[in-house]
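Visitor: Below: one structure in structure tokens.
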Amino acid sequence: MRYFVTGATGFLGGRVARMLREGGHEVAALVRSPQKARELEAQGVEIFEGDLTDRESMRRPMAGADGVFHMAAWYGYRAQDAKKVESINVGGTRNVLSLMQELGIPKGVYTSTLAVNSCTGGEIVDETHRFNGAHLSLYDETKARAHRIADEFIEDGLPLVIAMPGVIYGPGDTSLIRDFFNVLLKRRLPAVEPSMTATWAYIDDIASAHLAAMEKGKPGETYIIAGPIHTVGEVVQAIAEISGVKAPPIRAAVGMQRGLSKVMGLVEQFIEVPGLFCSEYLSVTAGRYYIGDNAKARRELGYDPRPLREGLAITLKHEMALLGMDMPAGAGETSG
């Protein structure tokens, strides 16, 4: 089979492209910078220079594909990224799906996110949930609009499956999740707000779920492929126990973090602020709930995400090695 992949130089897209090649499939990847795709090319991925915002740049690599994986997105929390986020997450999705429809591609998998539901207020929602309020971040809002575009194409007959992951972590991550893990390992985070609750899934489990969505997913259906539900406090405690590095001594209150978010919003008007301390990130992680029920994916796709501690043990071993730190003997052997 031949597949067209967007986002292949990213964390999730790269893992899906590699799994497809390991499965003996042909893979054509759209990349903005061929230099960043040399490792993929070495693994037999056919590289095409292009951009989601340029619909015609995708025509040649997509033509004749047996399936399309649209995973590319811009993940950012800074206001100055607004135009880029809009053009990639919203306009780019429309471009991919409209070209897929024009070319008559047999099936596609679109990567949405649980963040389209914004904060669920503690409710574990399923695929029927629809959020109609004000979103907490530009990323959430643009991905929600892109999700609606995908739904519109499905209604128009496009054979598309929608996958909705939550938080993804693992070796090779370049997001703020990795930054968060690393500042904890370096003991450079003096305080943490522990109540924010999310689904935490290891990268290989999410990538495998995408392949299952292509193979087994029913066109027109949406699948929540989220991992186990844990609070940030539980994640921080697990990291401390696995790594042997003490957790931050201060547990910040939700109100304190939301107040700091407003302050940083003013600061950002004058200087660039590190991602973990920018206004939107502080807001979306202050006592929020980004949670969903993966029962449908378990039932129809055979999805079976590993426990948090199992995935964290692999991830922390990788990150600690890069930092020149030793992992305690027997760390992470207990699941949970």
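Visitor: Can you pull out the residues in segment 6-64 that are β-branched (V, I, T) and either within 20 Å of S112 (Cα to Cα) or outside any loop (DSSP other than H, G, I, E, B) (or both)?
Guide: Going through segment 6-64, the residues β-branched (V, I, T) turn out to be 6, 9, 16, 27, 31, 45, 47, 53.
Scanning segment 6-64 gives T6, T9, V16, V27, V31, I47, T53.
Visitor: Just checking, does segment 150-163 include any residue being crowded, with 19+ Cβ neighbours inside 10 Å and under 17 Å from Y289 (Cβ atoms)?
Guide: No: segment 150-163 contains no residue that is crowded, with 19+ Cβ neighbours inside 10 Å and under 17 Å from Y289 (Cβ atoms).
Visitor: Shifting gears a bit: Go through segment 205-235 and count every residue that is farther than 15 Å from M164 by Cα and either modelled with pLDDT of 95 or more or open to solvent by 20 Å² or more (accessible area, probe 1.4 Å) (or both). Spell out the reasoning first.
Guide: First, the residues of segment 205-235 that are farther than 15 Å from M164 by Cα: 215-216, 230-235.
Next, only the ones that are either modelled with pLDDT of 95 or more or open to solvent by 20 Å² or more (accessible area, probe 1.4 Å) (or both) stay: 215-216, 230-231, 234-235.
Matching residues across segment 205-235 total 6.
Okay, residues lined up against (1) open to solvent by less than 60 Å² (accessible area, probe 1.4 Å); (2) at pLDDT 95 or above:
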position: T6; (1), (2): yes, yes
position: E26; (1), (2): no, yes
position: L30; (1), (2): yes, yes
position: A42; (1), (2): no, yes
position: R59; (1), (2): no, yes
position: Y75; (1), (2): no, no
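Visitor: Mind counting the residues in segment 89-138 that are at pLDDT 95 or above, open to solvent by less than 50 Å² (accessible area, probe 1.4 Å), farther than 20 Å from G157 by Cα and in a loop (DSSP other than H, G, I, E, B)?
Guide: Result for segment 89-138: 1.
Visitor: Another question, if that's okay. What do you reckon, is E141 outside any loop (DSSP other than H, G, I, E, B), surrounded by fewer than 22 Cβ atoms within 10 Å (Cβ to Cβ) and of a type outside the set (A, V, I, L, M)?
Guide: When the stated conditions are applied, E141 passes them.
Visitor: Hey, another quick one. Is it the case that some residue within segment 267-290 is at pLDDT 90 or above, touching a Pro at 6+ places or on another chain (Cβ under 9 Å) and buried (at least 17 other Cβ atoms within 10 Å of the Cβ)?
Guide: We begin by selecting, within segment 267-290, every residue at pLDDT 90 or above; these are 290.
Checking which are touching a Pro at 6+ places or on another chain (Cβ under 9 Å) leaves us with none.
For segment 267-290, residues at pLDDT 90 or above, touching a Pro at 6+ places or on another chain (Cβ under 9 Å) and buried (at least 17 other Cβ atoms within 10 Å of the Cβ): absent.
Visitor: Mind checking which pairs have a first residue in segment 296-310 that is under 20 Å from V235 (Cα atoms) and assigned to a loop (DSSP other than H, G, I, E, B) and a second that is open to solvent by less than 10 Å² (accessible area, probe 1.4 Å) and not aromatic (F, W, Y), Cβ under 6 Å, 6 or more apart or different chains?
Guide: P305/A201; P305/G227
Visitor: Limited to segment 180-228, what total is found for residues that are assigned to a strand (DSSP E or B) and not polar (S, T, N, Q)?
Guide: Matching residues across segment 180-228 total 8.
The values are calculated or read from the model by the stated rules, or taken from the named source; none is laboratory data. Just so it is clear, the model here is predicted, and its values are computed rather than measured. Neighbour counts run over all protein chains shown; Cβ positions are idealised from the backbone, glycine included. Ligands, DNA and RNA are stripped out before the accessible areas are found, and what is left, the full protein with its side chains, is counted by its heavy atoms. Shrake-Rupley method; radii C 1.70, N 1.55, O 1.52, S 1.80 Å.
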